[in-house]
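What follows is a set of notes on a single structure, which appears directly below.
The values are calculated or read from the model by the stated rules, or taken from the named source; none is laboratory data. Values in this document were obtained by computation on a predicted structure and should not be read as measured data. Ideal geometry is used to build each Cβ from the backbone, glycine not excepted, and the neighbour counts take in all protein chains shown.
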């Protein structure tokens, strides 16, 4: 059993002992800590907190615990039930609530669940706020109300409102999508995507939809992380139908993977690249992704004479950098698109609508569109160290050794070579250094990563 407490929330496996996994006791403690924090740091004149969840088997049980706890702290809870992560984020803003909790373990397998915490804007809490909540939970310094001041629960459905907000985006062209007569295949991994994605596609004018795993019962038919090795079923579906494009989402629908007409993977890194290409073509501006995302976004951004900036890994860091640079599009290389014209949060609905518009206007197949972008490959490796090794000292020594190249150290160490890069990040939970590298071929990416790994191992002796 596993329980992971971090500044971004709490997640763990269901069952087991208190403190070792995500038990009802742990869920209540963390919800009480969050409610206490919001009460002490309320930034809007509201007593409402929004709660939404994905379709995990444990979702209803955890939902009852969280809502009851928040009511005990004195908050009125707007329960939006089965909802995507971006839907819950938008609901917080639309309700003018003082916060929100998303019950989802994102791409983790079915035995996992989690509490993801939002501020009054429907955006994730920052590191300092998350640390404060962890301290409140640790100290159990909760504030509960008496019987006359208990909160109440109301229910609402924000799926249609979310879809409407996507349709109303200036760069979403429903007429162009309808006229293109796309046939679309989808894999929604039996979670909330199965509710919202078919409805979104129909609203966009798509009439031919080939559905895989759209029953929102939380019984994931394969590993729910949308990586190529987990997407063999939709790849087969693409080959056996006349589908134009395939879309795959994770259980909470903030990540989007695309499959081409031949069943090949578009590449999660290129979801953001393609959408950014379309956005920049019509509304030039700055872009942001994290340090471990593909250089292809930088290349596309500079093609339009605009500025790309890298942020530390983590959605909240990307959002902060987007705000600081007034970026018009950003996200992460895992298929997460952040489009501020809709909301500062990763949103697969926005990604689907913008990608289909782009595809309709380009009049290319998905494969042909993919071929227009710079080709990069990312290798992901790691170096295991003994607990006594000073990882920070090793990273400093690596910076010194490669000082003739562009170095970024806002999140580990990233070395930018002229035609490739290597990003080193230490793990917070085990004595390892994660080594991500990118180049124009996988061999080059693995080789440059291996070269830096050899340096690390030498320094660790």
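Please work out which residue is surrounded by the fewest Cβ atoms within 10 Å (Cβ to Cβ), limiting yourself to the range 32-53 and to residues that are touching a strand residue (DSSP E or B) at 6+ places or on another chain (Cβ under 7 Å) and not in a helix (DSSP H, G or I).
Among those that are touching a strand residue (DSSP E or B) at 6+ places or on another chain (Cβ under 7 Å) and not in a helix (DSSP H, G or I), it is 47.
Hey, does the range 415-430 have a residue that's surrounded by 20 or more Cβ atoms within 10 Å (Cβ to Cβ), under 30 Å from residue 180 (Cα atoms), at pLDDT 95 or above and touching a helix residue (DSSP H, G or I) at 6+ places or on another chain (Cβ under 7 Å)?
no
Tell me yes or no: at least one residue of the range 124-146 is more than 20 Å from residue 31 (Cβ to Cβ) and at pLDDT 95 or above.
The answer is no, given that none of the residues of the range 124-146 is more than 20 Å from residue 31 (Cβ to Cβ) and at pLDDT 95 or above.
Determine whether residue 226 is out of contact with any strand residue (DSSP E or B) (no Cβ under 6 Å at 6 or more places or on another chain) and under 22 Å from residue 113 (Cα atoms).
Details: out of contact with any strand residue (DSSP E or B) (no Cβ under 6 Å at 6 or more places or on another chain): no; under 22 Å from residue 113 (Cα atoms): yes.
In short, no.
Among the candidates 290, 286, single out the residue that is touching a strand residue (DSSP E or B) at 6+ places or on another chain (Cβ under 6 Å) and surrounded by fewer than 22 Cβ atoms within 10 Å (Cβ to Cβ). So that I can check it myself, show each step before the final result.
Working: 290 fails: surrounded by fewer than 22 Cβ atoms within 10 Å (Cβ to Cβ).
The unique qualifying residue is 286.
I'd like to check something: does the range 381-401 contain any residue that is in contact (Cβ under 8 Å) with a residue 12 or more places away in the chain and within 30 Å of residue 247 (Cβ to Cβ)?
Within the range 381-401, one or more residues are in contact (Cβ under 8 Å) with a residue 12 or more places away in the chain and within 30 Å of residue 247 (Cβ to Cβ).
Out of all the residues in the range 244-269, which are more than 21 Å from residue 200 (Cβ to Cβ) and out of contact with any helix residue (DSSP H, G or I) (no Cβ under 6 Å at 6 or more places or on another chain)?
Of the residues in the range 244-269, the ones more than 21 Å from residue 200 (Cβ to Cβ) are 262-265, 267, 269.
Scanning the range 244-269 gives 262, 264, 267, 269.
Can you give me the ranges of the helices (runs of 4 or more DSSP H) entirely in the range 66-177 with at least 2 residues that are closer than 30 Å to residue 360 by Cβ, over 19 Å from the mean Cα position of the chain (by Cα) and in contact (Cβ under 8 Å) with a residue 24 or more places away in the chain?
On the way: elements: 85-94, 127-139, 159-167.
So the answer is 159-167.
Of the residues 175, 170, which single one is under 26 Å from residue 91 (Cβ atoms), loosely packed, with under 14 Cβ neighbours inside 10 Å and outside the structural domain of residue 8 (by TED's automatic domain parsing)? If you could, list the steps in order and put the result at the bottom.
Numbers: 175 fails: under 26 Å from residue 91 (Cβ atoms).
Testing whether each residue is under 26 Å from residue 91 (Cβ atoms), loosely packed, with under 14 Cβ neighbours inside 10 Å and outside the structural domain of residue 8 (by TED's automatic domain parsing) leaves just 170.
Do we have residue 118 as in contact with a strand residue (DSSP E or B) (Cβ under 9 Å, 6 or more places away or on another chain) and modelled with pLDDT under 95 here?
On the way: in contact with a strand residue (DSSP E or B) (Cβ under 9 Å, 6 or more places away or on another chain): yes; modelled with pLDDT under 95: no.
Taking the combined requirement at face value, the residue does not satisfy it.
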